[in-house]
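Asker: Pasting a structure below so you can have a look.
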């Protein structure tokens, strides 16, 4: 007998609880409130408790700090790429500028970390924005290429002119008081920036940013200078990166040209792909996954990069939408097969 | 008519490489006018709009808007001065809900200065004003249409959204680049009263159009372009009677006779 070919397709339907919690009825019962709050509490609670859970293994506490720095970069990449429309490969520039600014403020002016870190965040963001200003009219891959060039350029200039300690870097940067301060300042920064940005992109200013991403001509025709808004977006993103860089230089008590290394440009992008672009929380998730994997693979020696690449490829091929998108879909919708 | 001049063009010329897109175009629009601009495909209508609104810089000539020389101003400054345009190819923010599309113009410096559409930005929050504009322009407030993402809206609504984006700025002059093109007859029929309402409210309009019947019912003056040069200007009967216009527009046989 011939097999009957039945065509069917997958239908996705919002879960009842997702629909009920969309409006003001979200506060109608504890069940609804829990549905909304649980994922957020899981993230916040998890991040706050992680340092304590890792207190037995100080090495992994250090890794946690690095995860946070990469998370800052990944959120900044996601924000620029998916909400302002600038694909920036300048993560290394932001880290480098932040690290050098903090180190110079600390060693030359003798400022304590409590001042150098906020100053480096603001000043560094300003410097990065000024550097990238001439490139702001560019879009898409052109902006990506130019922003990739800057960290390479900065490293070579420091090396060639032998400024800021040349290849040795700036030594003798004051460390942070203790590891708890390190971790909680970074975790706090990640959480505040994550939830702050999520709110920002839905405010009126954020809608203009998203307008620039969707259709910059229409924004111009609405009487808004898009260069101003792109510059503001780059400032927000680069300041986040510089915060990470400043923390890094105090963490290592050193600032050097390896902080312009391309890892800082590339890993955040990988994390965004794995975690799910356009979600802001996804990139943090991606970093929580990728950075530890990269640490665990140290045993493989030089094969580390190869294994890492295979994992990345697998993610891109099998779950290209990203973990966060996949997860929130499962959380909010159920799927069923319907016959056509 | 002695109404004040809103916009005047003096000898606007634009070349793209070897292509002469516009040649010495003169034009004048007075307050309350509805000027139609027609012409065959590729005659420079959209280039003219681009030159006026700053998306393209004219090689020669002057664009004077409300007594100010705005030649070569960037688009956002032109819009800020009160001269807005719609795009022939619709340019909504696809990922945003329809009413959120209007938050962007309502957030612009001009709208914050003037209160935007009917000064509404001063009274209510921008979301309410945005839905007000959409309701005025044919999005049913209580339906879900204004709250759908722009990517899921049909062409007719997107054209209206273009117009709504201009209205949000509370402009002095709107240039509509082919608002009727690509619309079904019924969509067009529902769009016409809208334009008539705008006219009744005294908005000055320039309409670039291919739909002559709809245009002639609205416009009080019509200008014809061909090969980037002005062929003639006048009311609709004068234009239709003009021999050169017939030649440019309706038939090539007569042209062959001249050759």
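Asker: Which residues, taken from region A:15-55, are under 30 Å from residue A:259 (Cβ atoms) and part of a loop (DSSP other than H, G, I, E, B)?
Answerer: Result: A:54, A:55.
Asker: Let me ask something additional. What are the residue pairs meeting all of these: first residue in region B:111-140, first residue under 13 Å from residue B:100 (Cβ atoms), second residue modelled with pLDDT under 85, Cβ atoms under 6 Å, and 6 or more apart or on different chains?
Answerer: Pairs that qualify, where the first residue is under 13 Å from residue B:100 (Cβ atoms) and the partner is modelled with pLDDT under 85, are B:129/B:120; B:129/B:121; B:133/B:117.
Asker: Looking at region A:214-238, which of the residues that are closer than 24 Å to residue A:262 by Cα and crowded, with 24+ Cβ neighbours inside 10 Å is nearest to the other protein chains (Cβ to nearest Cβ)?
Answerer: Here the answer is A:230.
Asker: Next question, about the same structure. Among the residues of region B:226-245, is any in contact with a helix residue (DSSP H, G or I) (Cβ under 9 Å, 6 or more places away or on another chain), in the same structural domain as residue B:45 (by TED's automatic domain parsing) and closer than 29 Å to residue B:127 by Cβ?
Answerer: So far as region B:226-245 goes, no, none of its residues is in contact with a helix residue (DSSP H, G or I) (Cβ under 9 Å, 6 or more places away or on another chain), in the same structural domain as residue B:45 (by TED's automatic domain parsing) and closer than 29 Å to residue B:127 by Cβ.
Asker: Looking at region B:93-116, can you tell me whether even one residue there is buried (at least 17 other Cβ atoms within 10 Å of the Cβ), within 18 Å of the chain's Cα centre (by Cα) and not assigned by TED's automatic domain parsing to the domain that holds residue B:214?
Answerer: Yes, region B:93-116 has at least one match.
Asker: From (1) farther than 30 Å from residue A:260 by Cα; (2) in a helix (DSSP H, G or I); (3) at pLDDT 90 or above, pick out the condition that doesn't hold for residue A:78.
Answerer: Among (1) farther than 30 Å from residue A:260 by Cα; (2) in a helix (DSSP H, G or I); (3) at pLDDT 90 or above, residue A:78 violates only (1).
Asker: Could I ask something else about it? So which of A:256, A:244 ends up being touching a helix residue (DSSP H, G or I) at 6+ places or on another chain (Cβ under 6 Å) and in contact (Cβ under 8 Å) with a residue 40 or more places away in the chain?
Answerer: The match here is A:244.
Asker: Run residue A:303 past the list (1) part of a helix (DSSP H, G or I); (2) at pLDDT 85 or above and report the number of the one that doesn't hold.
Answerer: Result: residue A:303 passes all but (2).
Asker: Please report, ordered by residue number, the helices (runs of 4 or more DSSP H) entirely within region B:22-125 with at least 2 residues that are more than 16 Å from residue A:216 (Cα to Cα) and away from chain A (no Cβ under 14 Å).
Answerer: The helices (runs of 4 or more DSSP H) meeting that bar are B:45-53, B:120-123.
Asker: Consider region B:154-172. How many of its residues are more than 14 Å from every other protein chain (Cβ to nearest Cβ) and buried (at least 17 other Cβ atoms within 10 Å of the Cβ)?
Answerer: Residues flagged as more than 14 Å from every other protein chain (Cβ to nearest Cβ) and buried (at least 17 other Cβ atoms within 10 Å of the Cβ) within region B:154-172 amount to 3.
Asker: Also: Across region B:141-178, which residue is nearest to residue B:50 (Cα to Cα) among those that are in a loop (DSSP other than H, G, I, E, B) and touching a helix residue (DSSP H, G or I) at 6+ places or on another chain (Cβ under 7 Å)?
Answerer: B:169
The values are calculated or read from the model by the stated rules, or taken from the named source; none is laboratory data. Since the model is a prediction, treat every value here as computed from it, not as a measurement. FYI the Cβ positions are ideal-geometry reconstructions off the backbone, even for glycines, and counts take in every protein chain you see.
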